Amino acid sequence: MIRFEDVSVTYDGAAEPTVQGVDFEVPEGELVLLVGPSGVGKSTVLGAVCGLVPHFTGGTLRGRVTVAGRDTRTHKPRELADVVGTVGQDPLSHFVTDTVEDELAYGMESLGIAPAVMRRRVEETLDLLGLADLRDRPIATLSGGQQQRVAIGSVLTPHPQVLVLDEPTSALDPAAAEEVLAVLQRLVHDLGTTVLMAEHRLERVIQYADQVALLPSPGAAPLLGTPSEIMAVSPVYPPVVDLGRLADWSPLPLTVRDARRRAGSLRERLTELVPTPRTPQPRTPQPTAPRATVPRATAPASIEALAVRHGRVEALRRVDLTTAPGEIIALMGRNGAGKSTLLGTLVGLVRPAAGSVLVGGAVPHRTAPRDLVRRVGLVPQEPRDLLYADTVAAECAAADEDAGAEPGTCRALVSELLPDIGDDTHPRDLSEGQRLALALAVVLTARPPLLLLDEPTRGLDYAAKARLVTVLRGLAAEGHTIVLATHDVELAAELAHRVVVLADGEIVADGPTAEVVVASPSFAPQVTKVLAPQPWLTVTQVREALA
């Protein structure tokens with residue numbers, strides 16, 4: 001169905017090809033997973049399938065890509081639209097209408113599908129992706145995860161033969177991700193749809209793949225094989241594979257179920273051992289809720305009886321939250337639960353309808369931005385919102401000047417997070433993960449006492465995520481308070497002292513990470529599921545204990 005014949009892509013101004021030697025086939029009715037570290041060219045390979053590369057992006061494509069017999073060099077994206085459905089890393093760039101239902105129908109209208117068929121397919125897709133309650137909602141009012149489901153739905157309704165998906169679960173909560181992946185599996189198995197998908201959260205998707213194509217490094221030819229074969233040599237792999245490598249299991253397990261069947265002897269070795277603390281403890285001891293040990297006027301952030309409304313939607317209600325210096329808090333919950341709204345109130349972007357919010361003793365929405373930036377910094381879901389310069393070097397220089405920091409401070413942070421970004425690179429030419437690292441470095445340059453991150457691991461591979469964890473741990477050890485909204489249960493297990501779970505705008509759980517995530521089937525990390533009932537959260541803990 002998809003055929004790459006010795007394909008290379010070189011962008012204008014680049015000295016070397018972004019990808020080269022791409023030569024493999026994706027058979028009809030298979031799900032092929034494209035994996036590799038951040039910045040190796042996965043999005044470029046996907047773009048070549050739908051014609052965006054090179055017709056939209058520019059550059060030079062050598063070799064040949066055919067989809068259902070159509071050569072993408074001679075067929076522009078609009079001439080492939082009836083065959084290929086594409087969802088990129090940024091769902092907002094796909095939307096052309098205002099409401100959910102209109103967006104689901106738009107692609108079919110463009111292809112001239114009969115109204116009766118359109119109506120039926122819209123209803124089916126609303127049910128498949130859990131969007132029925134959102135059908136009349138303006139897309140601009142949806143959470144990032146809800147928008148991602150709408151973007152996926154908009155390419156499903158025309159019933160394409162091929163789906164090209166770039167990080168389709170990156171903004172989804174665990175339950176929603178499982179629903180979307182179940183839909184994709186049904187399309188592959190029952191309807192013969194061909195799926196080519198890039199995804200960094202391999203713990204979610206590796207078991208669904210028929211084949212895996214590994215891009216090991218920039219410009220290197222991909223390796224194609226079964227999931228087990230590729231995971232044995234891949235530089236990126238999920239925690240369950242990491243645990244299998246540590247325990248020397250062969251073949252490597254790809255699912256929690258496979259690992260549990262082999263974990264008996266490992267559990268016996270760990271019976272008398274105790275997990276080591278993952279991070280420095282916060283400077284002020286944090287008892288179970290309610291948390292009133294830190295005076296409101298001196299707490300990095302303090303929220304009392306907070307309510308926020310977006311039109312008729314009550315986004316937050318009766319929220320109480322107090323943080324301590326050096327504490328790392330993970331905000332979790334399903335898409336639309338109010339996580340981003342809560343972060344918005346702390347940085348002054350959202351005005352409360354009731355209750356109070358204090359950040360370092362100041363009311364955020366009444367504090368001047370120049371004063372507020374020295375109290376709190378936010379890295380949003382869309383990091384490009386913070387980036388406006390033409391090069392990485394100029395972005396870093398501006399960040400140093402705005403923060404009153406020593407020249408080179410921001411650049412050093414960028415190098416720590418992603419070592420291979422060049423000074424002359426334009427931020428728009430970075431991958432989503434690289435843009436996120438740059439935006440994080442810009443915010444960290446001012447070293448605000450309170451750091452807020454909204455889905456900080458979108459687009460990050462496991463190595464980049466590990467570097468992020470190291471940086472955030474260091475900041476917490478220096479006394480910075482970190483609040484991150486995330487669906488990444490592995491990140492929460494590795495990093496957070498405390499997990500706060502939101503549901504329908506209310507806090508439904510608040511406590512130490514081990515207590516909250518172990519008690520939740522949705523939010524438990526893979527290692528916890530494999531080694532239950534023992535209290536292990538991460539492979540790092542297991543490795544240190546065995547050593």
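Data overview
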read-out	value
Total lysine pairs under 29 Å (Cα atoms) in the chain, excluding pairs fewer than 8 apart on one chain	5
Positive-end residue, segment 1-142 charge dipole about Cα centroid, Cβ charges, pick of I139, H75, L31	H75
Whether the chain is rounded, prolate or oblate, judged on the alpha carbon gyration tensor where a/c under 1.5 counts as rounded	rounded
Listed residues A397, V500, L440: farthest to the positive end of the dipole of segment 375-529 (Cβ charges)	V500
Net charge of neighbours whose Cβ lies under 13 Å from the Cβ of D248, counting Lys and Arg as +1 and Asp and Glu as -1	+3
Total charge dipole magnitude, segment 1-105, about the Cα centre, Cβ charges on Lys, Arg, Asp, Glu only, Debye to nearest 20	400
Dipole magnitude of the chain about its Cα centre (Cβ charges: Lys, Arg +1; Asp, Glu -1), debye to nearest 20	1260
Per residue accessible area of the chain, 1.4 Å probe, in Å²	41
Within the accessible area of segment 106-183 (1.4 Å probe), percent carbon and sulfur	52
Extension gain from D320 to L546, taking 0.36 nm per residue of separation minus the Cα-Cα distance	77.4 nm
Distance from segment 136-154 to segment 46-64 (C-alpha centre basis), Å	27
With every protein chain in place, segment 481-528: carbon and sulfur % of accessible area (1.4 Å)	57
Accessible-area order (highest first, 1.4 angstrom probe) of the listed residues M118, M231	M118, M231
Given charges at Cβ of Lys, Arg, Asp, Glu: the chain dipole, positive-most of V363, V84, Q148	V363
³J(HN,Hα), Karplus 6.51/-1.76/1.60, whole Hz, each residue of segment 60-76, x for Gly, Pro	10, 9, 10, x, 8, 10, 10, 10, 6, x, 9, 7, 6, 6, 9, 10, 6
Cα shape, segment 371-524, gyration tensor, a/c 1.5 rule	prolate
Gain upon complete extension [D190, A116; 0.36 nm per residue less C-alpha separation]	24.3 nm
Rounded percent of accessible protein surface that carbon and sulfur make up, segment 329-449, 1.4 Å probe	50
Heavy-atom accessible area ranking, 1.4 Å probe, most first, across R318, R366	R366, R318
Anisotropy class of segment 450-506 from Cα gyration tensor, a/c 1.5 cut	oblate
Neighbourhood net charge (14 Å Cβ-Cβ; Lys/Arg +1, Asp/Glu -1) for V84	-1
Whole-number percent relative contact order across the chain, with pairs defined as alpha carbons under 8 Å at least 6 apart	15
Size of charge dipole - segment 333-384 - debye, nearest 20, with Cβ of Lys, Arg +1 and Asp, Glu -1, no other charges	20
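The values are calculated or read from the model by the stated rules, or taken from the named source; none is laboratory data. Please read all numbers here as calculations on a predicted model, not as lab measurements. Note that each Cβ is placed from the backbone with ideal geometry, even for glycine, and that neighbours are counted across all protein chains shown. Accessible surface areas use protein heavy atoms only, side chains included; no ligands, DNA or RNA. Shrake-Rupley method; radii C 1.70, N 1.55, O 1.52, S 1.80 Å.
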